[in-house]
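The values are calculated or read from the model by the stated rules, or taken from the named source; none is laboratory data. Just so we're clear, the structure is a prediction, and the values are computed from it rather than from any experiment. Positions of Cβ are generated from backbone atoms using ideal geometry, with glycine treated the same way; all protein chains shown enter the neighbour counts. Note: areas computed on protein heavy atoms with side chains; ligands, DNA, RNA excluded. Shrake-Rupley method; radii C 1.70, N 1.55, O 1.52, S 1.80 Å.
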Amino acid sequence: MTGWRSAWTAARDALARPGLWPIALAGFLARGGLALFVAPIIVPPSLVGLATFIGPASITPTGPTAGLIVRIAVATGLGAAALVAGITIAAGAEIALIGLSPGESRQPSGRLLRRIVLIRLVSLLPLAVSLAVGVQRLGQIVYLELTLPTDLVTPIVIRVAAQAPEIVAGIILTWLLGETWGGLATRLAVLRGAGVGPALLGGLGLLARRMPTVLVLLGVSLIVAAGVLAGAIALIAWSWDLVRDALLGGVGFGAIPIAIAATLVFAACWLLALVAAGALGAWRAVAWTLLVGEDHRGSGGTDPGRATL
């Protein structure tokens, strides 16, 4: 089955099984998708606000102050805890999706959940290395943009990316590599009962052995995901503008029905965006499961005795 055929078959299966959508949505939101849906309704802090939060005296000629180090440590700890929690929730959803997709299935268990969490954490290593290499350069650019901004109109994220495109490209590529590797390894662990090590090695082997098919499926999934998520975010942003205009521009009792109508439109758009994200996640999960499942049928399988941590 080629990447195109796998994607097409997965689309038919996912659309015919809406019961998969809530599970896929939970995994999508837990792995950071919630930030995409919240971003359109949050006003980003201004340069002055960021500088005030960091503190003009937080960095001295001798280095960062103790207060800044504490804030960085707290933020790092909270971020790590959120990352592990998100990966754990997403791993449970992923196990359920793979088990409910066409092909073999295994009942979720605590041991299998821990195995998938470890696989997903290890698959983040390429991204972690890329971030470690580029974080100093990016940090310098962010600091200069906060203290001496080159442009007050363009968002700071775009300005920073424009000054270090090679670092940003490396981060994106390593993220895609890790996601693909982790997705293949996860399915080997669930479908074949492989342990963490065999699943990770098998994921790399499958990635190398079926590189053209994997790249086609990856490209198709990225294009579809970009289109669906861009439309969903635009819909949320548009409906939120209606609510904001109704609340800020209305005066008197006549503005109340308008505000209520705008709020209902916003809620409907938000719900539609969530449904679209759930359908998208189910489709991607089924597509990758079909790819690994077919490779399994052609390879003779994996010895159940290797299903250990």
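Tally Lys and Arg at +1 and Asp and Glu at -1 over the other residues with C-beta under 15 Å from the C-beta of residue 225: what net charge comes out?
Net of charged neighbours comes to +1.
Expressed as a whole percentage, what fraction of the accessible surface of the stretch 218-286 belongs to carbon and sulfur atoms when a 1.4 Å probe is rolled over the protein heavy atoms? Spell out each step's value before the answer.
Details: 2950 of 3600 Å².
Solvent-exposed carbon and sulfur of the stretch 218-286 make up 82 percent of the total.
Sum up the charges of everything whose Cβ sits under 13 Å from the Cβ of residue 263, counting Lys and Arg as +1 and Asp and Glu as -1, but leave residue 263 out.
On the way: positive: 244; negative: 241, 245.
Taking every other residue near residue 263 into account, the sum is -1.
With all protein chains present, calculate the accessible area of residue 31 using a 1.4 Å probe and round the result to the nearest 10 Å².
For residue 31, the solvent-accessible surface is approximately 110 Å².
Measuring with a 1.4 Å probe in the full set of protein chains, what accessible area per residue, in whole Å², belongs to the stretch 172-276?
48 Å²
Find out how many positive minus negative residues lie around residue 27, taking Lys and Arg as positive, Asp and Glu as negative, among other residues whose Cβ is under 15 Å from that of residue 27. Write out the running numbers ahead of the final one.
Details: positive: 31, 120, 187, 284; negative: 94, 179.
Neighbourhood net charge equals +2.
With a ≥ b ≥ c taken as the square roots of the eigenvalues of the C-alpha gyration tensor of the stretch 126-276, please select rounded if a/c is under 1.5 and otherwise prolate if a/b is larger than b/c or oblate if it is not?
oblate
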